[in-house]
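Step one of this worksheet: look at the structure below.
The values are calculated or read from the model by the stated rules, or taken from the named source; none is laboratory data. Remember, predicted model here, so these are calculated numbers, not experimental data. Positions of Cβ are generated from backbone atoms using ideal geometry, with glycine treated the same way; all protein chains shown enter the neighbour counts. Protein only, heavy atoms only, side chains kept; ligands, DNA and RNA dropped before computing areas. Shrake-Rupley method; radii C 1.70, N 1.55, O 1.52, S 1.80 Å.
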Amino acid sequence: QVQLVEAGGGLVQAGGSLRLSCAASGSIFTLGLMGWYRRAPGKQRDMVAQITAGGNTNYADSVKGRFTISRDNAKNTVYLQMNSLKPEDTAVYYCDAFANLYSYWGQGTQVTVSS
């Protein structure tokens, strides 16, 4: 079994920054693609950013140039640095990871950006 634990959400003013982290633990033999998704109130869950084990990244257009995804393979941890936050970034952010060829999700962390 694999567990994902997220941290770093909170309340921030527009223009501010937050850094999310997601640590994978448990019986991990292979850890592949990791990513961040978000669900705003009344909307579907959307991809925010993804990163492969080799460090290749992919971003949603809405966050390009503002968010940076990174990972520490030695710690089985993925990060999301969020700068220049906007009120429309308000959502519950979820971590996703392919571990042992299965997809696992974190419990979510709330990010609220006030105007």
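R0 = 25 Å: FRET efficiency of Gln3 with Ser115, Cβ-based, nearest 0.05?
Once the sixth-power term is evaluated, E becomes 0.10.
Here the Karplus relation 6.51 cos²θ - 1.76 cosθ + 1.60, evaluated at θ = phi - 60°, turns the backbone of the range 34-43 into coupling constants of 10, x, 10, 10, 9, 10, 7, x, x, 10 Hz, with x for every Gly and Pro. Taking the Cβ-Cβ separation of Gln44 and Ser103 as r and a Förster radius of 22 Å, what is the calculated FRET efficiency to the nearest 0.05? So the FRET efficiency works out to roughly 0.85. When the solvent-accessible area of the range 20-115 is split by element, carbon and sulfur atoms take up 49 percent of it, the probe being 1.4 Å. I need the shape label for the chain. Rule: rounded when a/c is under 1.5, else prolate if a/b > b/c, else oblate, with a, b, c from the alpha carbon gyration tensor. Here the chain falls in the prolate category. Probing with 1.4 Å while keeping every protein chain in the model, the per residue accessible area of the chain equals 52 Å². Taking amide H atoms as placed 1.01 Å from N in the peptide plane, the amide H of Leu85 lies under 5 Å from those of Gly15, Gly16, each 5 or more residues away in sequence or on another chain. Once C-alpha pairs closer than 8 Å and six or more residues apart are averaged by separation and normalised to the residue number of the chain, the relative contact order reads 37 percent.
Protection proxy ranking for 43-56, 66-79, using the average of other Cβ atoms within 10 Å per residue and placing the highest first: 66-79, 43-56. Each residue of the range 16-28 is assigned a 3J(HN,Hα), and the resulting list reads x, 10, 9, 10, 9, 10, 9, 9, 9, 9, x, 7, 9 Hz, derived from the Karplus form 6.51 cos²θ - 1.76 cosθ + 1.60 (θ = phi - 60°), x at Gly and Pro. One decimal place: the segment Thr52-Ser25 gains 8.0 nm when fully extended, by the rule 0.36 nm per residue minus the C-alpha distance. Using the Karplus relation 6.51 cos²θ - 1.76 cosθ + 1.60 with θ = phi - 60°, the per-residue 3J(HN,Hα) values for the range 106-115 come to x, 7, x, 9, 7, 10, 10, 10, 8, 8 Hz, with x marking Gly and Pro.
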